[in-house]
Amino acid sequence: MVRKEVKASSSDANKLKKNKRTSVAVMVLTPLLVLALCLSIMTLVSYKKFIELQGYAAIAFNENAHLKNPSEDNKYRNADALPMKGLTKVTVPDSENKTEQHEIIYPYYGDKYAELTVKNDKAGIDKEPVYWGDSDDLLAKGVVQSNYSAYIGATGRVVLAAHNHTYFRYLPNILVGDQVILKTDYGKFTYEVTETKVLPDTDTSLLYYDVTADPPVDDLILYTCWNNGYMGLSDQRLYVICKVVSKEYKN
């Protein structure tokens, strides 16, 4: 009986030692694993920020860098595709249908060819990239322009859209009278907000215009999903209607 008790005590002692070793290992390894995980997350976040800052730095030191080379970030066109330039007749703002001829650089689908700014800090729209086309991958990168709307700078209706949880998150803060500016490689175009509307998604009347209208339609529409100020999908749309104030062409 004594030998059995001694063996049992010895076995219990070994188990206790193993449990202690396991506990010590867990106590030592757990913080290390947590630290490694945190460092990995910090590295990924830092790398993402670094990539973003690289883009911002390029813009800071060459404000047109991201506009001059649209093919670099466009999977829809060949890198060696030549620019499409052409003279077009445009209606002069605040005139009796007076027209002039100016050069426009027409974008390829997927080109980042403009910057959008709203002169209202609460709208949160400052030099946002504008892409020609409205596919989901372009919506993830910036403001998009419907390719059935007029080219920026041409006479007609320019229609721009973005998600309400990204680039147009604070669009509901825009006010009548706010100035809206679009800059391209071929000019600067200024608009003024005249009205805002909330319409059901089935009402697309503001997305199109009559190209034969007299006087001609020449305005800008900004729109996004409307959730009464909240983010996310909705069956309503917020429209910001802007009249053209001035057009400044380089050629």
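Just a few scattered comments:
- Candidates are the residues of the stretch 156-173 that are buried (at least 22 other Cβ atoms within 10 Å of the Cβ) and in a loop (DSSP other than H, G, I, E, B); the one that is nearest to the chain's Cα centre (by Cα) is Tyr167.
- Note on the stretch 116-136: among residues that are within 17 Å of Val193 (Cα to Cα) and charged (D, E, K, R), the one that is surrounded by the fewest Cβ atoms within 10 Å (Cβ to Cβ) is Asp121.
- Scanning the stretch 101-120 for residues that are at pLDDT below 95 and either not β-branched (Val, Ile, Thr) or not assigned by TED's automatic domain parsing to the domain that holds Thr190 (or both) yields a total of 11.
- Residue count for the stretch 98-117, restricted to those that are in contact (Cβ under 8 Å) with a residue 60 or more places away in the chain and within 14 Å of the chain's Cα centre (by Cα): 5
- Listed by first and then second residue, the pairs with beta-carbon distance under 6 Å, at least 6 apart or on different chains, first residue in the stretch 235-247 and basic (Lys, Arg), second part of a strand (DSSP E or B), are Arg237/Leu199; Arg237/Tyr223; Lys243/Glu192; Lys243/Thr194; Lys243/Asp219; Lys247/Phe189.
The values are calculated or read from the model by the stated rules, or taken from the named source; none is laboratory data. Treat the numbers as computed from the prediction; the structure is a model and nothing was measured. Cβ: placed from backbone, ideal geometry, glycine included. Neighbour counts: every protein chain shown.
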